[in-house]
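The structure under discussion appears below in the form of structure tokens.
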Amino acid sequence: MNTSIATLLEHKGGAVKTVPVSFSVSEAVKEMNRHKIGCVLVMDGERLAGIFTERDVLTRVVAAELDPKTTPVTRVMTGNVLTASPDATVQQMMDIFAEKRCRHMPVTKDGRVIGMISIGDVSRWVSIENRAEAESLRQYISGGLSG
Ligand code: AMP
């Protein structure tokens, strides 16, 4: 839980899927489906302009009966993007996901996006850590009993 986000990114890699601000919702969704991901960052050149997730497709496009082909992604994205530092911990990330009720966090360093962490990445990591800790306790107990 004290593992840094930088360590998670070392394992996962820093690839981030982005779309330009000129894209329609339809084009952004095609990109998400092509990569089998639930979220894209919307970029205005080098600047992070927003984040667009599958939740936005449901609540801001489908429920609002907007036409995905003619709706610019900028109209339905979240413009005020929360980002994390690579020095943040897995525990801090879990707290933010729970508090802010979102599942994606771009990681930035010196104002540049260097990766993306999802709630799935964090829970996978916690599960691996828990299994490793349980195994080491099992070994400690069985070693202690036989010794
Ligand atoms: P999610 O649960 O990640 O699909 O997103 C739920 C809502 O939060 C959607 O409206 C997203 O656009 C928004 N959202 C997701 N991640 C972030 C983030 N890092 N910063 C700001 N808003 C976000």
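The values are calculated or read from the model by the stated rules, or taken from the named source; none is laboratory data. Remember, predicted model here, so these are calculated numbers, not experimental data. A quick note on method: Cβ atoms are made from the backbone with ideal geometry, for glycine too, and the neighbour counts reach across all protein chains shown. Just so you know, the surface numbers come from the protein's heavy atoms only, side chains and all, with ligands and any DNA or RNA stripped out. Shrake-Rupley method; radii C 1.70, N 1.55, O 1.52, S 1.80 Å.
Numerical summary
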| read-out | value |
| --- | --- |
| Range in the chain, longest, excluding exposed trypsin sites (Lys or Arg not before Pro) [loop by DSSP; at most 11 other beta-carbon atoms within 10 Å] | 102-147 |
| Dipole magnitude of the range 5-73 about its Cα centre (Cβ charges: Lys, Arg +1; Asp, Glu -1), debye to nearest 20 | 180 debye |
| Of 23, 63, 7, farthest towards positive along the dipole that unit charges on Lys, Arg, Asp, Glu beta carbons give the range 1-73 | 7 |
| Segment residue 129-residue 95, length gained on full extension (0.36 nm per residue, minus Cα span) | 10.5 nm |
| Solvent-accessible area, 1.4 Å probe, carbon plus sulfur percent, for the chain | 52 percent |
| DSSP-assigned coil residues among GluC sites (Glu not before Pro) in the range 5-82, each with at most 15 further Cβ atoms within 10 Å | 46, 65 |
| Sum of side-chain charges, residue 89 neighbourhood, beta-carbon under 13 Å (Lys, Arg +1; Asp, Glu -1) | -3 |
| The chain: relative contact order in percent, alpha carbon pairs under 8 Å with at least 6 residues between | 26 percent |
| Degrees between helix 119-146 axis and first principal axis of the chain (Cα, 0 to 90, nearest 10) | 10 degrees |
| Taking only Cα atoms of the chain, radius of gyration then Dmax in Å | 18.9, 72 |
| Farthest toward positive dipole pole in the chain [+1 Lys/Arg, -1 Asp/Glu at C-beta], among 73, 92, 140 | 73 |
| DSSP bridge orientation in the range 1-138 - percent antiparallel, rounded to nearest 5 | 80 percent |
| Rounded to the nearest 20 debye, dipole of the range 53-147 from Cβ charges on Lys, Arg, Asp, Glu | 200 debye |
| Total formal charge among the other residues, if their Cβ is under 12 angstrom from that of residue 111, Lys/Arg +1 and Asp/Glu -1 | +1 |
| Angle in degrees between helix 90-100 and the longest Cα principal axis of the chain, rounded to the nearest 10 | 40 degrees |
| Residue 138 paired with residue 21, simple spin-label distance in nm, labels 7 Å along Cα-to-beta-carbon | 5.4 nm |
